[in-house]
Amino acid sequence: MTENLAKPVAVDVPLGARARSILKTLAEAGAARGQAQAAAPAERVEPASARVEAAAPAPVAPEEPSRGGRGDGLGARAARRMQRAAAAAAASADQARPVEPERGLRPTTTSTVVALPRRDPPARIDPDREIAPPPPAAQIGVAAGKKNYIKISAMLAIALPTALATIYYGLIAAPQYVAEARFAVRGPDAAPSATDALSMLTGLGSTGDAGTISDSYIVSQFIESTQLVGNLQRSLDLRAVYTNDKADFIAKYRPYDFEDTIEHLTNYWNSSTWVYFEPVSSTITLTVRAFTPEEALKIARETVRESEKLVNKLSERSREDAISLAKQELSRAELRLKFAARPCRTIATAWARPIPPRRPPRAAR
């Protein structure tokens, strides 16, 4: 097929006038190019590492075949085939022609090796493996909604309280002062002994301190009771102390009309104070908060004074109970003595009768 294209004479196809003109034009162009190459001076030779590119002849736009007849159409197709064959032959001849370097130039023998990017072989797809279908758009939306819900929950649970606490304690909160008091309840006849020392080491109270420990628990509960708040309200005006202008609107006592009762004030008192009883040392610890140091100290002292009054009342009551118990025991003892004295008096009366004197024994004859 190549030989037929290279030898236009062997094609037994009648050529039209247009095909003959095209062939004539190609022949004239080839002759002119050969003369130009022969007359041109020797050009500078590029290095050996450079790539010699052959200049392909400019393609000639094929003309439309004439509508005169079938012979003209066959001639046009044959002309196009011959044109392509001639262009391929010229390109191969230019590439095969050796390039001679000039005398004054030295060809470059160095070359650079560039590593091509490595491509991993494509993974083999197992035909028996089942490929899971992509999740539907509804599931993707639900997952995104869950992530947003978690982020919002974290912000509400961590970031928002932290920001509010920072703003309150840094900008709004008023200074508060704490007064601490420690005292112990002791009985009038309490004396330390070896049993008390052992009880302090083991953490167990002795039998002699049972009443003292019970009194200490009573005092601890009394400090948190409504009775103490009422006594402090009468002596110190506790409402005025905790509605001070120096307090901020969150920490101060806020009475609301019908809720301004002694129970409401007691709830605020329990939130502002702290009381703890330690059984090992029988010590009561009281902590009071207020908005000025003088008021905190005054409230602590008044609370200790009220607790002391309660302890004195408890001691007096226990003393009265002990006296009444002793009187009852005395009356019981007197009654037992009375019943026990009857047989004694009977015996004494019987022994009190005169006994006749004994006669002396007669002398033997």
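Observations, loosely collected:
- Cβ-Cβ under 7 Å pairs, at least 6 apart or on other chains, the range 319-345 side without any contact (Cβ under 8 Å) to a residue 40 or more places away in the chain, far side loosely packed, with under 10 Cβ neighbours inside 10 Å: none
- Residue within the range 284-303 that is among the small types (Gly, Ala, Ser), in a strand (DSSP E or B), under 60 Å from the mean Cα position of the chain (by Cα) and at pLDDT 90 or above present: yes
- Filter result for the condition that a residue is closer than 30 Å to Tyr253 by Cα and either among the β-branched types (Val, Ile, Thr) or in contact with a Gly (Cβ under 9 Å, 6 or more places away or on another chain) (or both), over Val280, Val288: Val288
- Test: residue in the range 342-359 that is surrounded by 10 or more Cβ atoms within 10 Å (Cβ to Cβ), modelled with pLDDT under 85 and assigned by TED's automatic domain parsing to the domain that holds Thr212: no
- Picking from residues in the range 217-263 that are within 30 Å of Ile167 (Cβ to Cβ) and hydrophobic (A, V, I, L, M, F, W, C), the one that is surrounded by the most Cβ atoms within 10 Å (Cβ to Cβ) is Leu238.
- Long-range neighbours under 9 Å by Cβ, at least six apart or interchain, first residue at pLDDT 90 or above within the range 156-177, second among the polar types (S, T, N, Q) and not in a loop (DSSP other than H, G, I, E, B): Gln176/Ser272
- Exclusive hit being within 23 Å of Lys246 (Cα to Cα) and surrounded by fewer than 14 Cβ atoms within 10 Å (Cβ to Cβ), set Ser271, Ser281: Ser271
- Qualifying positions in the range 312-328 - closer than 21 Å to Val185 by Cα and over 59 Å from the mean Cα position of the chain (by Cα): Arg319, Glu320, Asp321, Ala322
The values are calculated or read from the model by the stated rules, or taken from the named source; none is laboratory data. The model shown is predicted, which means the values in this text are computed figures rather than measured ones. Cβ coordinates were reconstructed from backbone atoms using ideal geometry, including for glycine residues, and neighbour counts include every protein chain displayed.
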